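Worksheet: the structure to be examined is printed underneath.
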Amino acid sequence: MLQECELKFYRKADRVLYAKTERQGLLLILKGVAEVFVSGENDKKEILEILQANEMIGFSGLAHFLGEPVDPAHSLTVEVEAAEDLHCLEIPYTILRKRWEDEDVREFFLRKVAVRLRDLYTSLAEQMKKAAEWGESEPFVRRVQDLMQSPVITINAHESVQTIAKKMVDHGISSILVVDDHEKLMGIITDKDIVRRVVAERDMQTLELQAKDIMTPNPITISRTAYYYEALSTLFTNGVKHLPVIDEERVIGIVTLSTLLAKKNRGQMSILKKIEQSSFENLPTVKNAIYDVLSSLINDDISTIHLLEIITKLYDRLARHCVSLAVQSLEKQKKGRPPVPFAWYAMGSGARGEQFMLTDQDHFLVYADVDAENKEKVDEYFALLGEEIVKHLHQAGYSLCKGKMMANNPDWRGSITDWKERLKNWALKATDEQILLGQNFLSFRFLYGDDTLHDEFVEMVKNKLKVSQTFLYYMAQQEREKLVPQLDQSFLGMFKAKTKVIDIKKHALFPLHHCLQVLGALNGIVGVTTMQLLNELRMKQVLYESLSNDLRHAYEVALKTRIRMSWEKHLQGEKASTEIDLTKLPGWMKDELHGMLKTIRALQFHLINKL
């Protein structure tokens, strides 16, 4: 029977089945990915499902195989295309007829078709529901916690294979999670694990195996607050079909590839593919793709904090990809791989989680210490890597930093020891210039590299800050000398240079950031976004609850104002600006700005009192 089957190969984007193609049998996918879709107006494709290795194409032709007459009014409209190079085994219906009398074969196909039908109905229902909800933004807003199966079915490590199999059948699930007595995840067992590690062995002793013997330990997991498109990307990237959902180290649910694909929209995956698959030459196209997402989020009036959280994750992906390409570029130039572990950090608005449009570059490099004999060689490699990173980020649309705060500047790269000495010198001098460098530095956030080195670097920074209280005091003193004006002053008379204009960045966001940075440094909190910093300061009771809530609102008002202004300038083809002409604002907006400035001034006094 196998000789009557035929191996088929399709290149990426090849059409596997056309709408009017008469189905001659089934295609078993051996390797690759296929998209099943229907064509709409202007050849726009609506993806119904994605099929991977060990899945079948052609179930829609089973009705004809079973003898149902073909109705011209219901001619086939479903098509299949290779999403990547595709290897298949074509199984003709003549083979299926030879096996059809076997009850197990019929039950297998009944289950497969029933699951496929369920998933398609779910997909269609989700699309109908989506149309009335968030518009184009909905796929980016949806969270894992809204999609996961919960409560999740779990077992302990000593459950027998028979018990595991029975539980999976009873609950109609294809995977089960192994947890310890504290509900912490130990491993995962899928139906394929049982087939491969138990049934395929054909050994009676395998039936005595326990969960710990056949599970896959330390499976890939995801947070409950992660976004839908992140979960889908994680599944594809790691080649798995089940993702346990974790909250504070405890298992609270599970999401599966079939569940997510049933809810799939092509838009959110195309942006991920565009980022991850981009080369140096087509990096500029990614910016426009992210701006399309940004436009949808703004038009759908998504909350500012939520909008920035989504966009930040996309920019983080882009930045990491640029660093990865930079490393690959040096390897292609025969400069080798990184000689020691390294970490790359963003600074500025990108690190704070506020970058909604590409701005200038702010970043630095840290690498592991080496002995004196090898230091020159290591320094030379990372000098080259710094240049490549700047080059790739510039290609992606990030402009060069006028202050040269970039990894190609020797002042913004170095070993752990180099950075330790650098921070020491900043603290000792404490000039206005050194304080400015410290303020920029303290906005850092780890984006790429070795986790262990990152932990070592952060610990070093915390230790240096502990012995640099005077430096932090001088930073706080600057806030005392540049207080946000009080509301009982003439509002338009507060700004000497431009009496009718305020700068939302200079007069609101910067004072907010600088105060929070110092409070964070005093309490061992570094390397996080502004929102994370606010939350951690509240948890440590450095900020009392009412002030924390007021600051969150003030922060959102400032960001929303900045985004609205800059986006309007962008759409009009004008240069972005953070200055606001107060004479053109309605009264309610002026009131919001008054409240925002009052709250930030309260934060400045709170910092001064703390010191």
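No value in this document is a laboratory result; all are computed from the given coordinates. Since the model is a prediction, treat every value here as computed from it, not as a measurement. Here the Cβ positions follow ideal geometry from the backbone for every residue, glycine too, while neighbour counts run over all protein chains shown.
Residue separation times 0.36 nm, minus the C-alpha to C-alpha distance between W588 and E568: what's the value?
Working: separation 20, 0.36 × 20 = 7.20 nm, distance 1.98 nm.
Full extension from W588 to E568 adds 5.2 nm.
What is the gain in length, in nm to one decimal, between L117 and K184 on full extension, counting 0.36 nm per residue of separation less the C-alpha to C-alpha distance?
Working: separation 67, 0.36 × 67 = 24.12 nm, distance 3.49 nm.
Extending this stretch completely gives an extra 20.6 nm.
How long is the chain along each principal axis, judged by its Cα atoms, biggest number first, in Å?
89, 60, 51 Å, listed from the longest principal axis down.
Which three semi-axes in whole Å describe the equivalent ellipsoid of region 288-424, each the square root of 5 times a Cα gyration tensor eigenvalue, listed largest first?
Values: eigenvalues 199, 52, 27 Å².
Each semi-axis is the square root of five times an eigenvalue, giving 32, 16, 12 Å.
What ranking, highest mean first, results for peptides 53-59, 145-151, 347-353 when packing means the other Cβ atoms within 10 Å averaged over each residue? If you can, show how the numbers build up before the last one.
Working: 53-59: 16.9, 145-151: 14.6, 347-353: 23.0.
Descending mean neighbour count gives 347-353, 53-59, 145-151.
Output needed for region 468-611: three equivalent-ellipsoid semi-axes, defined as square roots of 5 times the C-alpha gyration tensor eigenvalues, in descending order, whole Å.
For region 468-611, the semi-axes come out at 27, 17, 14 Å.
Let me have the 222 nm mean residue ellipticity of the chain computed from DSSP H runs of 4+ only, each contributing -39500 (n - 2.57), with the sum over all residues rounded to the nearest 500. Don't skip to the answer; put the middle values down first.
Values: 22 runs with 296 residues, N = 611.
Estimated from H runs of four or more residues: -15500 deg cm²/dmol.
T163 versus Q541, label points 7 Å from Cα toward the beta carbon: distance in nm?
4.4 nm
Alpha carbons only, please: Rg and Dmax for region 141-266, in angstrom.
In Å, with Rg to one decimal and Dmax whole: 14.7, 50.
Would you calculate the separation in nanometres between label points at S324 and K466, each defined as 7 Å from the Cα along the Cα-to-beta-carbon direction?
About 3.7 nm, to one decimal.
If I model a spin label as a point 7 Å beyond the Cα along the Cα-Cβ vector, how far apart are those points for E55 and R196 in nm?
1.8 nm
Using every Cα-Cα pair within region 361-446, state what percent have a distance larger than 18 Å. Numbers along the way, then the final one.
Values: 1710 of 3655 pairs.
More than 18 Å apart: 47 percent of the Cα pairs in region 361-446.
Filter the trypsin sites (Lys or Arg not before Pro) in region 402-445 down to the DSSP loop ones having no more than 11 other Cβ atoms within 10 Å, then list what survives. Please report the intermediate quantities before stating the final value.
Working: sites: K402, K404, R413, K420, R422, K424, K429, R445; in loops: K402, K404.
Sites meeting the loop and neighbour criteria: K402.
Can you give the relative contact order of the chain as a percent, counting alpha carbon pairs under 8 Å and 6+ residues apart? Each step should come with its number before you reach the end.
Working: 875 pairs, mean separation 56.8, N = 611.
Value for the chain: 9 percent.
I need the peptides 9-16, 175-182 ranked by packing, meaning the mean over residues of other C-beta atoms within 10 angstrom, with the highest value on top.
Working: 9-16: 13.9, 175-182: 18.0.
Answer by packing, highest mean first, reads 175-182, 9-16.
Beyond 18 Å between alpha-carbons counts as too far, so tell me which of K424/K464; K420/K610; K391/K506; K540/K598; K335/K377; K167/K212 fall in that bin. Working shown, then result.
Values: K424/K464 7 Å; K420/K610 26 Å; K391/K506 29 Å; K540/K598 24 Å; K335/K377 11 Å; K167/K212 16 Å.
Exceeds cut-off: K420/K610; K391/K506; K540/K598.
If we count other beta carbons within 10 Å of each Cβ, what is the order of E380, E81, fewest first?
Working: E380 12, E81 19.
Ranking E380, E81 by Cβ neighbours within 10 Å, fewest first, gives E380, E81.
Give the peptides 325-334, 220-229 in descending order of average Cβ contacts within 10 Å, highest first. Before the final figure, lay out the partial values.
Working: 325-334: 14.8, 220-229: 18.3.
Those peptides, ordered most packed to least, come out 220-229, 325-334.
Would you please state which residues of region 405-419 a label at V370 would reach in this model, taking the label point 7 Å out along Cα→Cβ and a backbone N cut-off of under 17 Å?
413-419
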